[in-house]
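Provided herewith is a single structure, encoded as structure tokens, for subsequent inquiry.
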Amino acid sequence: MVVLTKNPNNLLFFHAGSPNADTLKLNRIPQCIALSEDGITLAVGFSNAEISTYSADSQVMLSTYPAGLVPSRIEFGGENRVFFLGNSDYNFFLTGLDLETGYRYKSIESEGGLSALKKVPGKELLLSTRAGWSPDGLFLYDISNGLVTDSLNEYWMALNGFWLSEDGHRIFAGTRRIYQVPVYIPGQLWSMETPPVLGEFDLSNDLRINSIKHHSETGKIFIACDEGWYRSTSYIKMLDYNTLVEQKSWELSPNPPFGYPPGNTWWSKIMNIFPAVSDNEIWVLQEQPAADYRDPNTWSIERLSL
């Protein structure tokens, strides 16, 4: 697993079987990170409007490219292409970058509020949405020709966050609904119809979904959720991918930091879940508040045995 950090600006490389990480110090302020589908190359966007690529194996920098705009989200769109969202005057432009030539092609039209960018596994499609908007919408970009102009379908729908299955067939939404990944329709600007609904998670309405991860090798879905209020307990639910039946549940209530009254459980928000390739554990990225509100929150990585 690779983690990008700010202040200090580092790339952390974690390996199975070791609690420690290899650290690569960065000489600029990072904004976003992406890993290629083959797991070989990393792309990092920086606050000085540059993008650099790194070898995930040797942990060395490969190349640096001018981005034109400061990247806020970045994704690989193929072996030698990355796409990123760049902010200009409160609007976001989707831009493609050819890693062989350094050529950039920016979308003509901008979209306000775009806050996510995800490549659909195995398909020439990018998905985006606008957190906090009503509705936040689903934006579908066709990148089959490496172009981002006139290649957008917009679905007028609410998601409350979304995550993709590893096979590229399903969209898991924070609303608990599961949608089929739509096919790009040339000439369709926007639609009031949603993509086909394939199912729905049977979770309590009191729980707020923070992260969902599909592990295709084991056929499991992992859902990180909490009760939606300050210092609430976090949970991880393990479901079967085909039946959506819950098979196991974890409760994460870590001990409070030093200086906080003993005997109290301490709020922990799960930010992301990463099932290990060995299929016998998951890695959990968590955020926890400091003992003093004037201090910044702390982050931790925990490995849970299945």
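Could you please give the count of residues in the stretch 36-75 that are out of contact with any strand residue (DSSP E or B) (no Cβ under 8 Å at 6 or more places or on another chain) and closer than 18 Å to residue 5 by Cβ?
Result for the stretch 36-75: 1.
Sort through 87, 145, 91 and tell me the only one that's under 25 Å from residue 8 (Cβ atoms) and at pLDDT below 90.
Result: 87 is the single residue among 87, 145, 91 that is under 25 Å from residue 8 (Cβ atoms) and at pLDDT below 90.
Would you point out which residue out of 17, 39, 68 is part of a loop (DSSP other than H, G, I, E, B) and without any contact (Cβ under 8 Å) to a residue 12 or more places away in the chain?
Unique residue meeting the criteria: 17.
Now for a different question. Could you check residue 28 against (1) of a type outside the set (Phe, Trp, Tyr); (2) closer than 23 Å to residue 282 by Cβ; (3) surrounded by fewer than 18 Cβ atoms within 10 Å (Cβ to Cβ) and say which number it fails?
(2)
Can you tell me which residues in the stretch 42-54 are assigned to a strand (DSSP E or B) and either within 16 Å of residue 95 (Cα to Cα) or modelled with pLDDT under 95 (or both)?
43, 44, 45, 46, 50, 51, 52
Now for a separate question. Exactly one of these conditions fails for residue 87: (1) within 25 Å of residue 186 (Cα to Cα); (2) part of a strand (DSSP E or B). Give me its number.
So the condition that residue 87 fails would be (1).
Next question. Please specify each residue of the stretch 144-193 satisfying the condition of being surrounded by 15 or more Cβ atoms within 10 Å (Cβ to Cβ), in a strand (DSSP E or B) and of a type outside the set (D, E, K, R).
Those that are surrounded by 15 or more Cβ atoms within 10 Å (Cβ to Cβ), in a strand (DSSP E or B) and of a type outside the set (D, E, K, R): 152, 153, 155, 162, 163, 164, 171, 172, 173, 178, 179, 191.
Now for a separate question. Test each condition in (1) within 22 Å of residue 131 (Cα to Cα); (2) out of contact with any Phe, Trp or Tyr (no Cβ under 6 Å at 6 or more places or on another chain); (3) surrounded by 14 or more Cβ atoms within 10 Å (Cβ to Cβ); (4) not acidic (Asp, Glu) for residue 95 and report the one that comes out false.
Here residue 95 meets the rest and fails (2).
Do you know which residues across the stretch 147-181 are more than 24 Å from residue 208 (Cα to Cα) and in contact with a Phe, Trp or Tyr (Cβ under 7 Å, 6 or more places away or on another chain)?
147, 148, 151, 152, 153, 154 - these are the residues of the stretch 147-181 that are more than 24 Å from residue 208 (Cα to Cα) and in contact with a Phe, Trp or Tyr (Cβ under 7 Å, 6 or more places away or on another chain).
Restricting attention to the stretch 9-22, which residues are polar (S, T, N, Q) and either under 16 Å from residue 285 (Cβ atoms) or modelled with pLDDT of 95 or more (or both)?
Scanning the stretch 9-22 gives 9, 10.
Still on this structure, please answer the following. For the stretch 216-246, how many residues are at pLDDT 90 or above, exposed (fewer than 12 other Cβ atoms within 10 Å of the Cβ) and of a type outside the set (Ser, Thr, Tyr)?
2
Going by the conditions given, is residue 72 under 23 Å from residue 213 (Cβ atoms) and either polar (S, T, N, Q) or out of contact with any Phe, Trp or Tyr (no Cβ under 6 Å at 6 or more places or on another chain) (or both)?
yes
With the structure loaded, tell me whether residue 104 is farther than 24 Å from residue 144 by Cα and more than 21 Å from the chain's Cα centre (by Cα) or whether it fails that test.
When the stated conditions are applied, residue 104 does not pass them.
Results for (1) over 21 Å from residue 32 (Cα atoms); (2) of a type in the set (Ser, Thr, Tyr), shown as yes or no for each residue.
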site: 107; (1), (2): no, yes
site: 111; (1), (2): no, no
site: 114; (1), (2): no, no
site: 121; (1), (2): no, no
site: 145; (1), (2): yes, no
site: 151; (1), (2): yes, yes
site: 159; (1), (2): yes, no
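Further, regarding this structure: Considering only the stretch 4-20, state which residues are more than 13 Å from residue 302 (Cα to Cα) and either surrounded by 11 or more Cβ atoms within 10 Å (Cβ to Cβ) or touching a Phe, Trp or Tyr at 6+ places or on another chain (Cβ under 7 Å) (or both).
Answer for the stretch 4-20, where residues must be more than 13 Å from residue 302 (Cα to Cα) and either surrounded by 11 or more Cβ atoms within 10 Å (Cβ to Cβ) or touching a Phe, Trp or Tyr at 6+ places or on another chain (Cβ under 7 Å) (or both): 4, 5, 6, 9, 10, 11, 12, 13.
Among (1) in contact (Cβ under 8 Å) with a residue 24 or more places away in the chain; (2) of a type outside the set (S, T, N, Q); (3) assigned to a loop (DSSP other than H, G, I, E, B), there is one condition residue 198 misses while meeting the rest; what is its number?
Among (1) in contact (Cβ under 8 Å) with a residue 24 or more places away in the chain; (2) of a type outside the set (S, T, N, Q); (3) assigned to a loop (DSSP other than H, G, I, E, B), residue 198 violates only (3).
The values are calculated or read from the model by the stated rules, or taken from the named source; none is laboratory data. In this text, all values refer to a predicted model and were calculated from it rather than measured experimentally. Cβ coordinates were reconstructed from backbone atoms using ideal geometry, including for glycine residues, and neighbour counts include every protein chain displayed.
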